[in-house]
Amino acid sequence: MNLSKTTLGVILALGISPQAQAADLLELYRAAQSQDATFGAARAARDAGQEKLTQGRALMLPSVNLSANTTQNDVHTVLPVDSTKKYNSHGYTVSLVQPLFREQNWAVYTESELQVAQSEAQFRLAEQDLVLRVAQAYFDVLIAQDSVQLAAAQKTAIAEQLEQAKRNFEVGTATITDTQEAQARYDLIVAQEIAAQSTREIKRRS
């Protein structure tokens, strides 16, 4: 789920407060709801189940039929005057039909209810799973960033120790072994900082 690279990068660079972090975590979750394929599939299944329930319920409801007709009538009279009169008659019919118990319709409706319950349960599980995955990715990046900052602070301190060891060696108050040990500690923390930076980038892209 490659959602957090840009947003998390900005968040971490700003060093924002826990309250703001919570707000941005919610922002990431909302973005994941529209982008995550697993969650999208669960939501589509839930919507399809709701549609089937609507269709199944329709089979159990009465139906209303409305019909209309128009008839043209010609009336011919001879007495007292030979004439023909024309007029239209209109008729309307409204019928309400309530189907009797039909086992097939009831079976369809019952099955649709079960499908809705199942799809709704799966959707809720997908919601919880998405929350966990987004939160895990978010805090993994925060932890990785903390590791980078810690390594950088340690490197600064060890670099000062190395320079002090070199000066002491030059004035004869320290041995070459002291300088070599300080250099080894510095080389180690540099490697650890590089590893922490690499881990942070991997977490941002996960």
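For the peptides 125-132, 169-176, 140-147, 192-199, the ranking by packing is 140-147, 192-199, 125-132, 169-176, with the highest mean count of neighbouring Cβ atoms within 10 Å listed first.
Segment ALA37..THR177, full-extension length gain: 44.6 nm, with 0.36 nm per residue of separation and the alpha-carbon distance subtracted. For segment 38-55, 3J(HN,Hα) computed residue by residue from phi via the Karplus equation (6.51, -1.76, 1.60; θ = phi - 60°) reads 4, 5, x, 5, 5, 5, 5, 5, 5, 5, 5, x, 5, 5, 5, 5, 4, 5 Hz, glycine and proline entered as x.
Throughout, read-outs are computed from the coordinates displayed, never taken from laboratory work. Worth saying up front: this structure is predicted, and the values here are computed from it rather than measured. We place every Cβ from the backbone using ideal geometry, glycine too, and count neighbours over all the protein chains shown.
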